[in-house]
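Report on one structure; see the data block that follows.
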Amino acid sequence: MGALFACTAVKYIATVLQVAAKLHNVTLTADFGTSTTGGPTHWGVQTHATCTLGTAVDSSSLCTYTYVLAGVSIGISLLLSLVKCVTCDLCGLGALLDLIFSAAGTCWWAVGASVVTKHVQQAADMPLEQYRTATIALMWAEVAMFGALLVAGVSSCAGMLCCRTYQKLGS
């Protein structure tokens with residue numbers, strides 16, 4: 001149980017980091033007008049988001065695709081956790097639900113990572129390559145973690161089937 005929780009926690013953290021990999025330029029400005037305290041009279045924060053995944057700086061479609069990919073994954077993961085909690089591990093069938101979800105998640109992230117990898121390779125001449133590389137690495141890490149959950153799910157379901165078979169033989 002502890003290893004599964006740790007793997008799930010790492011998966012959530014990697015997803016959040018992957019979503020946050022979009023570059024933001026933040027500028028902090030201060031207006032030093034007449035102030036009784038000698039400090040700034042006005043602070044301003046300016047954020048300009050730049051998508052570094054596309055083939056053009058003003059193209060944000062690949063970033064939007066990545067956000068949707070991660071958002072759907074996070075949303076379904078949270079829904080799955082809630083369903084398993086409310087139904088007491090789906091009345092004993094939680095391992096089967098985990099198996100189905102991990103297989104779907106592995107496919108979901110493999111397709112998404114492949115699409116982003118293909119398009120990012122076309123943007124090799126753009127600046128900030130390290131951000132694109134980090135995003136791709138985190139996406140493939142998601143594939144690996146969902147794959148690890150898939151292996152754990154297969155093992156868990158196989159163990160459940162073996163236990164049921166041995167219980168029937170012993171009765």
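The values are calculated or read from the model by the stated rules, or taken from the named source; none is laboratory data. Nothing here was measured: the structure is a model prediction, and the numbers come from that model. Cβ sites come from the backbone with ideal geometry, for glycine too, and all protein chains shown count toward neighbours. Ligands, DNA and RNA are stripped out before the accessible areas are found, and what is left, the full protein with its side chains, is counted by its heavy atoms. Shrake-Rupley method; radii C 1.70, N 1.55, O 1.52, S 1.80 Å.
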Practice item. Looking only at segment 107-121, count how many residues are open to solvent by 60 Å² or more (accessible area, probe 1.4 Å) and under 14 Å from C51 (Cβ atoms). Key: 1
Practice item. Provide a single number: the residues in segment 132-171 that are more than 19 Å from G94 (Cβ to Cβ), at pLDDT 70 or above and open to solvent by 50 Å² or more (accessible area, probe 1.4 Å). Key: 4
Exercise for review: For W43, indicate whether it is out of contact with any Gly (no Cβ under 7 Å at 6 or more places or on another chain), at pLDDT 85 or above and among the aromatic types (F, W, Y).
Suggested key: no
Check your understanding: Failed condition for L90, given (1) surrounded by 15 or more Cβ atoms within 10 Å (Cβ to Cβ); (2) within 14 Å of the chain's Cα centre (by Cα), with all others met?
Key -> (2)
